[in-house]
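To keep things clear, I will list the structure first and then write my remarks on it.
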Amino acid sequence: MRSTWQLGRWRGVPVTLHWTVLLALPWFYYQTRSVSATAIACVAFSFLMVVHELGHAAVARWRNVEVDGIQLYFIHGLCTHEEPYHEEDDVLIAWGGVAAQFIVLVIAFGASLLLAAFAPFAYRLAAPLFRVLVQTNLLIIVINLIPVAPLDGAKAW
């Protein structure tokens, strides 16, 4: 059995998914008690991890740091890249993931407010999506900025 699956490539960089991502299924089912809500939450959570790691990769590319790969695991991801020449580059790359997540947070929060105001039924259907893209996203941002390795906060601050 394979332990990873290649999802694709981003600008030549392989993006892989580790089998441990499947552990999110029972976790989200425990939270939602619904198969459809579990599927929506898992896809949204995986999307957040991809966005976070692509944020690191995009900033690394911008700073001329070679990106080797992106791997996604159960509750974290990993953007492997060469060692930056300047400490400033390392700090910016660390902030890249959180910045990408923050953009998703702002868009999802705005969309949830609009949907709640103008289409309450649709908002209830999309609640698992917004729970992950807003609440879980905010929690991940805060935890990830704690200045302790291996979290991004160790380099960001």
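Select the strands (runs of 3 or more DSSP E) contained entirely in region 1-117, then report the ones holding at least 2 residues which are more than 17 Å from the chain's Cα centre (by Cα). Walk me through it before giving the result.
Working: elements: 4-10, 13-18, 67-72, 77-81.
By residue number, 4-10, 67-72.
Whenever a residue of region 6-21 is under 16 Å from residue 42 (Cα atoms) and open to solvent by 40 Å² or more (accessible area, probe 1.4 Å), its partners that are of a type in the set (Ser, Thr, Tyr) and modelled with pLDDT under 90, lying with C-beta atoms within less than 8 angstrom and at least six residues away or across chains, give the pairs 19/3; 19/4.
Sub-6 Å Cβ pairs linking a first residue in region 104-131 that is touching a residue at least 60 places away in the same chain (Cβ under 8 Å) to a second residue that is hydrophobic (A, V, I, L, M, F, W, C), at least 6 apart or interchain, are 128/37; 128/40; 128/41; 129/40; 129/44, ordered by first then second residue.
Kindly establish whether residue 141 is touching a residue at least 12 places away in the same chain (Cβ under 8 Å), under 18 Å from residue 53 (Cα atoms) and not small (Gly, Ala, Ser). For residue 141, the condition - touching a residue at least 12 places away in the same chain (Cβ under 8 Å), under 18 Å from residue 53 (Cα atoms) and not small (Gly, Ala, Ser) - is met. When 142, 132, 104, 98 are screened for being within 29 Å of residue 27 (Cβ to Cβ), at pLDDT 95 or above and surrounded by fewer than 16 Cβ atoms within 10 Å (Cβ to Cβ), only 142 passes.
Filtering region 22-49 to residues that are within 22 Å of residue 143 (Cβ to Cβ), among the aromatic types (Phe, Trp, Tyr) and open to solvent by 50 Å² or more (accessible area, probe 1.4 Å) leaves 27, 30, 47.
The values are calculated or read from the model by the stated rules, or taken from the named source; none is laboratory data. From a predicted model like this one, the values you see are computed outputs, not experimental measurements. So basically every Cβ, Gly included, is an ideal-geometry build from the backbone, and we count neighbours across all protein chains shown. The protein model used for the area step is the full one, side chains on, heavy atoms only, and it has no ligands, DNA or RNA in it. Shrake-Rupley method; radii C 1.70, N 1.55, O 1.52, S 1.80 Å.
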